[in-house]
Amino acid sequence: MSTGRNFAVNLGGNLLGLVLFAALTPVYLHAIGPERYGVVAVILSLSTYVATFNFGMGPALTYFVSGELQDDIAAQSEAYWSAMALSLPIGLIASVIIFGLLPLGLAELMHLSPAIRQEMRGAVVPLVGIGLCIVLASNARGVWNGRHAFLTLAIFSSIDTVLTILLPVLTAVFVSNEISALLYATLTARVVILLSAMGVSSWRMFQHRLPRMSLRRIRMMLGYGGWVSLGTLVETVVSSADRLILGTVSGAAQIALYSIPLSVTSRSMTIPLSLLSVIFPKLVGSEGDREQALLSKTIRFVLLLTPGYVLVAAVAAPLLRYWISPSFADSATWSLQILTLALWIEAISAIYFFQLNARGNARANFLIVLVVSAPYVAMLLVGAWLYGAAGVAFAYLVRNTLLLVGRGVFAEIRRDDLRVIAINVAPLLLGVLVAPHQWGGMTMLSVAAAALAVLLSLIACLWTRPHDLKEMALGMIPGRFQRTPDASL
């Protein structure tokens, strides 16, 4: 399957989550209330901490399976089951330690009501299970990426997305809106996905080979995955600090004003991440002009999404007003606009994150995140104290900008690529700065402002588009176009 087709399949699965999220978030928020929504958002963001204790086995499997183990299925199977043997006890211990202390800590930090504190007592068991499932499932995804099994990955991602969004909503509406019930629903989804992924990995990818572990394979992957894990640990801790700090300073109910806009904008990352998951195995081993040509084309392709970001930033107020409520829009519009710009920068920054990992330089990514962490936490504290959700969103914007600068320096970003990025960011800044922030509805002024910003963005992205965009697009459609090697991403 071609790169473009792989990207289209991967993207189609991920976009399903965006549709479900948009349709069900108002129902979910109404069913469980702002305080429970804030608590669950913090808990699930913290659940990603456990994945960082996997020593980077998922990315390491992608790196080695797409590289030196590419033609050896037996070695791939041995590497996968060795990673699982390491992940199981470590993931279980980490989950017990983190989630055994989490409910008590959150109750004190976020000044939760007595009713919510009572519900948190039953959250430990499902949280431990969720953490362990996250750790183990990342290994299967690493192998599938390395084997270019993007159709399998897209199918499982789609099922995972549907179950993890749908089951908690159904539980809240028809069974119980208690936190423990919502987490058990999430755990059910994770268990189904994990068992299915293990079966597919064993029977399809490894041709029914029996599990076999090797200390040599573990040592090999730890050399690469260790730095990935350190970088991910620091970034995950720091990334989760925004909701935790906001809840501590302003209360759990305030988290919804930040978390919902963040969820809206972060869904936009499904497109660049779908592309980069396909590109990453191709970057492994690429050097010189071939690597730079692939990166430049990837940047220009991702920048085609800019008009969508501009549109969201320009119509943020009426979007939230009609989607959630007028009162919510009055409080969360600035957060959504700032986060739209922040996630656009994150999409560009992710390209250089993958480039450094493909070069085997995961250590650089760790150092960059480590340097940025301290000023980011300080900005979070000041922003949450002075401006609430909007202040936290601005701190997130500055953080992503610093990460892009750091990764660009290590990756030696080309001047031509930098110029292309600058051309496309200008209309986005216009959309954020010029658009009115308190629209009562879609007035002529609001439509004109949004249309101008989007039009300028369309002109910018088409001017800097990949030269073979038509061939790339047609290559995603089955039976429409036979692409040459030059037309691939």
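The values are calculated or read from the model by the stated rules, or taken from the named source; none is laboratory data. Remember, it's a predicted structure, so these values are computed and weren't measured experimentally. Neighbour counts run over all protein chains shown; Cβ positions are idealised from the backbone, glycine included. The accessibility values were calculated without ligands, DNA or RNA, using every heavy atom of the protein model including side chains. Shrake-Rupley method; radii C 1.70, N 1.55, O 1.52, S 1.80 Å.
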Exercise for the section: Would you mind computing the Rg to Rh ratio of segment 340-398 from its alpha-carbon coordinates, Kirkwood style for Rh? Expected result: 1.08
Practice task
Order the following by accessible area, largest value first: Arg141, Arg36, Arg414. Probe radius 1.4 Å; ligands, DNA and RNA are ignored.
Solution key: Arg414, Arg141, Arg36
Fill in the blank from the handout: Given 343-356, 87-100, the highest-first ranking by average Cβ count within 10 Å works out to 343-356, 87-100
Handout entry: segment 140-291 - percent relative contact order, Cα under 8 Å, separation 6 or more
Key = 21 percent
Problem - Highest-first arrangement of 296-308, 421-433, where packing means the average Cβ count within 10 Å - result: 296-308, 421-433
Problem - Difference of contour (0.36 nm per residue) and Cα-Cα distance, Arg117 to Val382 - result: 92.6 nm
Completion exercise
Working note, segment 199-295: Cα radius of gyration (Å, one decimal) and Dmax (Å, whole number) are 20.0, 54
Exercise for the section: Return the FRET efficiency for the residue pair Ile93, Ala448: r is the Cβ-Cβ distance, R0 is 45 Å, and the value is rounded to the nearest 0.05. Expected result: 0.20
Exercise for the section: Give me the distance between the Cα centres of segment 256-284 and segment 321-356, rounded to whole Å. Expected result: 12 Å
Practice task
Grab the beta carbon distance between His30 and Ala374, set R0 = 35 Å, and tell me the FRET efficiency rounded to 0.05.
Solution key: 0.35
Practice task
Provide the packing ranking of 256-263, 156-163, 277-284, 113-120, i.e. peptides ordered by the mean count of other C-beta atoms within 10 Å per residue, highest first.
Solution key: 256-263, 277-284, 156-163, 113-120
Problem - Distance between modelled label sites at Ser325 and Leu433, nm, 7 Å Cα→Cβ extension - result: 3.5 nm
Problem - For segment 273-363: relative contact order, % (alpha-carbon pairs under 8 angstrom, 6 or more apart) - result: 41 percent
Fill in the blank from the handout: Note: Val162 to Leu20 extended length (0.36 nm per residue) minus current alpha-carbon separation gives 50.4 nm
